[in-house]
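In what follows, a single structure is set out as structure tokens and then discussed.
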Amino acid sequence: MMESLQGLINGFGVATTIQNLFYCVMGAIVGTLVGVLPGLGPIAGIALLIPATFGLNPTSAIIMLAGIYYGAMYGGSTTSILLNVPGETASVITCLDGYQMAQKGRAGPALAMCAIGSFIAGTIGIFGLVFLAPPLAEAALVFGPPEYFSLMVFGFIVLSNVTGTSLIKSLMMAVVGLIIGTIGIDPVTGDARFSFDFPYLMGGIEFVAVAIGLFGIGEVLANVEKPLEMLGQRVLVPRLRELYPTLQDLKRSLGAILRGTGIGFGVGLIPGPAPVIATYASYMTEKKFSKTPEEFGKGAIEGVAGPESANNSACQSAFIPLFVLGIPFAPPTAILLGALLIHGVTPGPMMIGEHPELFWGVIASMYIGNFILLLLNLPFIPFFANILRIPKNILLPLVILFCITGMYTVNNSVFDIWMMLLFGALGFIMRKWAYEAAPLLLALVLGPKLEAAFRQSLMISHGDFGIFVGRPVSFVFLLGTVIFLSIPLLRFVWRKAQSKKHLERSA
Amino acid sequence: MERDEIIGGIILLILGLITALLSLQMPIGTFRAAGTGMFPLILGVFLMILSGVFLLSILLVRKKGPGKKESQTRTPGSPWNLILFLGAMALATLFFNRLGYPLISFLLMVALLRILGTKRWTINILLSLVTATASYFLFVGWLKIPLPKGWIGI
């Protein structure tokens with residue numbers, strides 16, 4: 001405990017240097033913009049900014065990229081409330097009551113409560129991170145290749161189960177991501193795979209191209225396909241003096257914020273798109289706890305405060321599996337893993353000991369970042385809302401220009417731009433055909449780790465697959481995988497039985 | 001919708017088959033000492049199984065009857081805009097090195113703004129000029145990122 005506190009104090013020393021403070025503020029501002037602007041979510045936003053961090057030391061780079069991640073969560077709520085258009089998926093639920101509040105002239109308190117809730121959740125979440133990460137890292141030291149393999153498989157299954165509408169479609173996307181991840185040189189034998197003697201493919205597919213393509217270009221193309229008149233939008237911009245919530249608002253929201261924080265933190269630790277699940281879970285909890293559940297969907301402030309706190313808290317705790325196990329459970333943290341690797345840092349149980357300045361510096365910067373976001377969000381909401389007044393037919397070409405430029409700067413390669421466009425077109429088709437992109441991206445980033453764990457496990461066991469079930473931790477993860485795989489089947493059987501009963505009764 | 005699902009399933013089935021066939025041309029090894037092709041082979045086979053199950057489930061639902069009517073409403077899209085938009089991006093990529101960043105960013109903005117309905121040329125060109133200049137100063141001037149100069153040489 002004392003060690004963690006000492007680490008955190010040192011982390012504040014690292015995070016409060018002029019350089020790191022600057023990158024923290026930059027990350028928070030860019031993140032808010034990314035969250036506000038349609039067509040750019042946190043994933044494409046982080047991916048685009050990775051090249052800009054090449055000249056920085058790893059700590060400053062991750063401080064800025066992490067700032068974009070949680071900044072986007074703040075920004076995403078602005079469009080939900082003012083436009084009924086979520087800036088990113090974690091803000092979908094905020095639309096329900098946030099937009100209704102805006103329609104009743106209460107956009108200001110809704111936006112303010114988002115910022116206050118996110119700040120409180122972010123602060124509590126950081127303390128959770130500080131006290132939970134070191135013991136978990138110690139526990140993870142016993143993890144060998146079989147445990148890592150089973151954990152990653154478990155992660156894919158949970159993510160596939162909770163994203164989109166079809167488990168099998170999400171699973172297929174995960175396998176496609178794993179296949180794409182095998183392109184390039186085999187790290188064990190040094191032989192080329194699926195590169196067809198094409199030098200550009202020898203190094204593998206650039207994950208930044210896949211991320212920007214699927215999540216950035218794909219979203220822009222989906223917007224372009226809409227009729228031109230749909231690209232215009234009317235935005236309500238609240239005035240500064242309308243922003244302050246009443247004492248009654250604060251009183252109603254406090255419980256929701258604290259419950260949302262707890263839910264978010266817990267959900268962030270398990271595989272899956274944590275912020276999205278956390279917001280849904282928090283909304284449902286608030287509706288259940290409320291004395292006036294009929295107000296939900298019509299502008300209940302708890303329906304905004306709870307989910308917004310939950311998504312911020314989930315963002316913080318999602319850093320635990322990334323830093324402690326080196327395994328991200330969702331695409332934004334997968335992109336951060338890619339960024340860490342680019343900067344020569346391999347996250348895992350040893351990271352706290354090997355890179356204490358990075359680990360504690362990033363955690364401390366999150367606290368500072370949350371404070372900056374609170375300061376930034378309240379007075380500058382009218383400014384961010386005004387950005388939304390830029391018509392989409394101007395904004396979308398701008399996003400494309402940034403995507404193309406950003407993509408080129410990763411490796412100074414036009415081939416990467418082609419790849420990005422290819423994945424952009426693929427992302428568009430996947431959207432049309434209801435295939436989820438998240439499992440594909442996560443699988444692409446984790447693919448090489450999964451393959452290494454698979455091959456090493458079998459090497460240890462002399463080819464015996466029993467190693468995956470013979471070790472208790474690995475067995476628990478695989479059991480969890482089987483349970484998650486059987487949920488859709490059980491649901492199907494239950495529905496069948498129910499409809500049969502219904503038919504019998506009506507007969 | 002059902003046609004899209006079948007096409008998607010078939011594409012993934014073919015992708016799985018191609019992956020498996022190409023993997024077989026690499027050393028497979030044994031489970032004890034896996035070769036280069038082992039992991040992709042497993043993935044290819046797994047994808048074929050999953051897409052096979054997916055296609056089968058669609059066909060089974062179809063056999064049972066037409067089922068529920070399509071509930072998803074689609075916005076009447078504009079495929080031409082999409083094709084032109086993609087074409088403009090592809091052309092910009094093709095001439096990225098040859099024409100250089102400042103010129104290509106300007107031309108790309110002009111084209112994309114025009115496709116998305118900015119019909120007045122003065123506004124279009126002014127916006128494109130401002131954007132191209134700003135992005136040039138941001139990336140080349142401030143971030144010092146070497147971008148292709150092309151034949152205009154800046």
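Output the number of residues of segment A:378-389 satisfying the condition of being within 13 Å of A:T79 (Cβ to Cβ) and in a helix (DSSP H, G or I).
Within segment A:378-389, residues that are within 13 Å of A:T79 (Cβ to Cβ) and in a helix (DSSP H, G or I) number 5.
On the basis of being within 14 Å of chain B (Cβ to nearest Cβ) and small (G, A, S), does A:A61 make the cut?
Spelling it out, A:A61 is indeed within 14 Å of chain B (Cβ to nearest Cβ) and small (G, A, S).
Within segment B:9-34, count every residue that is in a loop (DSSP other than H, G, I, E, B) and touching a helix residue (DSSP H, G or I) at 6+ places or on another chain (Cβ under 9 Å).
Within segment B:9-34, residues that are in a loop (DSSP other than H, G, I, E, B) and touching a helix residue (DSSP H, G or I) at 6+ places or on another chain (Cβ under 9 Å) number 7.
State yes or no: is A:S166 within 13 Å of chain B (Cβ to nearest Cβ), more than 22 Å from A:L340 (Cα to Cα) and in contact with a Gly (Cβ under 6 Å, 6 or more places away or on another chain)?
Here the answer is no, as A:S166 does not meet what is asked.
Name the residues in segment A:296-310 that are among the polar types (S, T, N, Q) and within 18 Å of A:G105 (Cβ to Cβ), would you?
Scanning segment A:296-310 gives no hits.
Out of A:L441, A:L458, A:L450, which single residue is of a type outside the set (V, I, T) and touching a Gly at 6+ places or on another chain (Cβ under 7 Å)?
None of the others qualify; the one that does is A:L441.
Can you confirm whether A:L83 is within 14 Å of A:L373 (Cα to Cα), away from every other protein chain (no Cβ under 14 Å), more than 20 Å from the chain's Cα centre (by Cα) and in contact (Cβ under 8 Å) with a residue 60 or more places away in the chain?
Answer is no for this residue.
So that you can scan it fast, the table gives a plain yes or no per residue for (1) at the interface with chain B (Cβ under 10 Å from one of its Cβ atoms); (2) without any contact (Cβ under 8 Å) to a residue 40 or more places away in the chain; (3) exposed (fewer than 13 other Cβ atoms within 10 Å of the Cβ):
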| residue | (1), (2), (3) |
| --- | --- |
| A:A452 | yes, no, no |
| A:R455 | yes, no, no |
| A:H462 | yes, yes, yes |
| A:I467 | no, no, no |
| A:S474 | no, no, no |
| A:R491 | no, yes, yes |
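Considering each residue of segment A:362-397, count those that are aliphatic (A, V, I, L, M), within 14 Å of another protein chain (Cβ to nearest Cβ) and out of contact with any Gly (no Cβ under 9 Å at 6 or more places or on another chain), and give that number.
The qualifying residues number 2.
Quick note: the coordinates plus some simple rules give every number you see, no bench work behind them. These figures come from a predicted structure and were not determined experimentally. With ideal geometry, Cβ positions are generated from the backbone for all residues, glycine too; neighbour counts draw on all protein chains shown.
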